[in-house]
Amino acid sequence: MRAHWPDYAIEAAGLAIFMVVACALGTLLGHPASPVLRILPDAFMRRIVMGVAMGLTAVVLIYSPWGRRSGAHFNPATTLTFWRLGKIETRDAVAYAIAHVSGGLLGVLAVSAVLGAALAHPEVRYVATVPGGAGPAVAFAAEIAIAFVLMTVVLHLSNDAAVARFTGLAAGALVALYITVEAPLSGMSLNPARSLASAVPANVWDAFWIYLVAPPLGMAAAAELYVRRYGARAVYCAKLQHDDGPCPFRCRWGELRSTAASRKAWRVSQAQTVR
């Protein structure tokens, strides 16, 4: 664990940065006194802006040197899923989850110290995630669905050497899409630590259990389906974006690259034989 403390720190800092951006933008786009509301009075357009900004934030974090080192989970539901898949040691999974919770909360508190009452305004409420008008049941189902799709995409892309480099882009695009389209249903959490970080200072606990249960459940279902179809050995690492640096996980990235290179060489030889 001493060797992995930089990874824990990165995971905490990553979610802290994500929450700083979310809180700052949430205040800018949601506070009644914000000039943005006069420029963009339509809520759907403001969600597009928020979605694109948060999606880009996720992409930058995933592809940054920090994200490439730690694996860019920034989400205990993601970490729990890869632990279930056997890619993370239990002690590292616990440390990652603690880092996510502490980092997310520190990020919200940092913005609160600067924006104060503006972030606490009832129209902003520390960007807390709460069920939409359709109620908790719909919010629960929606959170399971978006978590399932996200983890399905991550597993299929990250474990295919030909397209693995696009995993972060796909994840960021889904975040943007979810905020734009799904947020009215559940607030678009995907992340227990992200929801907790807002709920604590806001003291908003409306159906909070949804955000603790649904994201891990949706991601676990995606992982189970993937393993049943392709086998546990088809999961090569727990990183969203891999490189040649140190890896804190039970990693077989080198094996994946070697297999991909062998397949490519075989296809080239077959093509030459046909000619």
- Task: Go through V114, P131, F74 and say which Cα lies farthest out towards the positive end of the charge dipole of the range 50-140; charges sit on Cβ, +1 for Lys and Arg, -1 for Asp and Glu.
- Result: F74
- Using Cα pairs under 8 angstrom and six or more residues apart, how large is the relative contact order of the range 46-142, in percent? 12
- Message: Over the chain, what is the relative contact order in percent, taking alpha-carbon pairs closer than 8 angstrom and at least six residues apart?
- Response: 28
- Item | Paired Rg and Dmax values of the range 138-221, which use every Cα atom, in angstrom | 13.6, 46
- Item | ³J(HN,Hα) computed for each position of the range 192-209 - Karplus, 6.51 cos²θ - 1.76 cosθ + 1.60, integer Hz, glycine/proline x | x, 5, 5, 5, 5, 4, 7, 5, 5, x, 7, 6, 10, 10, 4, 6, 4, 4
- Query: How many nm is it between the label spots at I98 and V138, if each spot is 7 Å from the Cα in line with the beta carbon?
  - Reply: 4.1
- Note on the structure: Toy charge model, Lys and Arg Cβ at +1, Asp and Glu Cβ at -1: the chain dipole around Cα centroid in debye, rounded to 20, equals 1000
- Angle between the Cα long axis of helix 90-115 and the longest principal axis of the chain, 0 to 90 degrees, nearest 10? 30
- 18 Å reach of a label modelled at E255, 7 Å along Cα-to-Cβ, counting backbone N of the range 54-84: 82-84
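Laboratory data are not the source of any read-out in this text; all were calculated from the coordinates shown. Keep in mind that this is a model prediction, so the values were computed, not measured. Neighbour counts run over all protein chains shown; Cβ positions are idealised from the backbone, glycine included.
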